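Novice: Below you'll find the structure I mean.
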Amino acid sequence: MQSTKFKGTKVTLVGDAIGVGDTAPVVTAIGTDLNDVEIGGAKDKIQLIVTVPSLDTDTCAAETRRFNEDVNNLDICETTVVSMDLPFASERFCTTSGIENLTVVSDYIDKSVSLAYGVLMDDNKLKGLSARAVFVVDRSGTIVYKEIVPEVTSEPDYEAALEAIKQAR
């Protein structure tokens, strides 16, 4: 079983333990406009799929703002940030934070993204939220980069994710 940590305490992750070389599962989440957004599988662009527990935390907010800036000039990439926040809260966050270069979606209904990507936290005070993770999916739908951040309160390796996007061209 995969795991992460929350403030040093181990947190078990449930769902399918997918990795580099696997096909990115095609799943649906809810956009800020309440429309379905499809994530994963083969697409015309490279996909950067980022899962976070809640945009209402400093770390998740900082990460989303950072990826928003980092992908601004990457027209080869489609970036989606997935959280368990309600779409209304996600929309408010995007508006107040100037998020324009990526899509923010919610996995709150059936947790299909978190389960399909193996990042649903199953114990501790964060049970039912997504772990902090980053996936890069090439145009053929293959996962070419995966990082489950070892400590939920830490930010991911931005440079490694961006390098994976550039290599996936």
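Novice: Which of the pairs Lys5/Lys43; Lys5/Lys166; Lys5/Lys127 have their Cα atoms more than 21 Å apart in this structure?
Specialist: Those over the limit are Lys5/Lys43; Lys5/Lys166.
Novice: Another question, then. For a quick check: with amide H placed at 1.01 Å from N, whose amide H comes under 5 Å from Thr142's, ignoring anything fewer than 5 positions away on the same chain?
Specialist: For Thr142, the qualifying residues are Ala24.
Novice: Would you mind calculating the relative contact order of the chain from Cα pairs under 8 angstrom and at least 6 residues apart, reporting the percent as a whole number?
Specialist: The normalised contact order for the chain reaches 33 percent.
Novice: Shifting gears a bit: Work out, step by step, the length gained on full extension between Asp56 and Ile76: first 0.36 nm times the residue separation, then minus their alpha carbon distance; give nm to one decimal.
Specialist: Here the answer is 4.3 nm.
Novice: I've got another one for you. If I take R0 = 35 Å and measure r between the Cβ atoms of Thr96 and Asp22 in this structure, what FRET efficiency does the formula 1/(1 + (r/R0)^6) give, to the nearest 0.05?
Specialist: E between Thr96 and Asp22, to the nearest 0.05, is 0.45.
Novice: If you don't mind, there's one more thing I want to ask. Taking a ≥ b ≥ c as the square roots of the eigenvalues of the Cα gyration tensor of region 1-67, is the shape rounded (a/c under 1.5), prolate (a/b larger than b/c) or oblate?
Specialist: In terms of gyration-tensor shape, oblate.
Novice: Next up: Quickly estimate the mean residue ellipticity at 222 nm for the chain, helices only: each DSSP H run with n ≥ 4 gives -39500 (n - 2.57), and the total goes over all residues, rounded to 500.
Specialist: It comes out at -6500 deg cm²/dmol, rounded to the nearest 500.
Every read-out reported here was derived from the displayed coordinates using simple, explicitly stated rules and does not represent laboratory data. Just so we're clear, the structure is a prediction, and the values are computed from it rather than from any experiment. For neighbour counting, all protein chains shown are included, and Cβ atoms are generated from backbone atoms with ideal geometry for every residue, glycine included.
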